[in-house]
Amino acid sequence: MNITLTIAYDSSLGTSMEDFIRSKKLQGYDYDGSAEILKVFDRFLVHKSFRSQRISREILEDYIAESRQAGLHANALYQRVLTRKSHREKTLGVANS
């Protein structure tokens, strides 16, 4: 059975990631969401010019640190949007839905 992937992976681990996803899909798993997450990691590896075929502890720690930072930033933006929406609703007299 030939499994076509919709996401291209560009890092030195890209082929391994693709093989892993194909394996999961062949086992019957809907792996599209996880494939998207792996693409984020793949872009990180490319950005860091990672060339190895093995993941080091240092690169994982760097990825986790950057992911946390991005998550905190995204959460701050989300909270700001909620605050503005709530303020706008109160100002305009719109009921919360």
**Item:** Evaluation of L38 against (1) under 23 Å from G71 (Cα atoms); (2) out of contact with any Phe, Trp or Tyr (no Cβ under 9 Å at 6 or more places or on another chain); (3) aliphatic (A, V, I, L, M) (one fails), failing number
**Value:** (2)
**Request:** Scan region 23-48 and report the pairs whose first residue is surrounded by 13 or more Cβ atoms within 10 Å (Cβ to Cβ) and whose second residue is assigned to a helix (DSSP H, G or I) and among the β-branched types (V, I, T), with Cβ atoms within less than 6 Å and a gap of 6+ or a chain change.
**Result:** Y31/I21; A35/I21
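Read-outs throughout are calculated quantities, based only on the coordinates presented, and are distinct from any laboratory measurement. Just so you know, these numbers come straight off a predicted model, no measurement behind them. With ideal geometry, Cβ positions are generated from the backbone for all residues, glycine too; neighbour counts draw on all protein chains shown.
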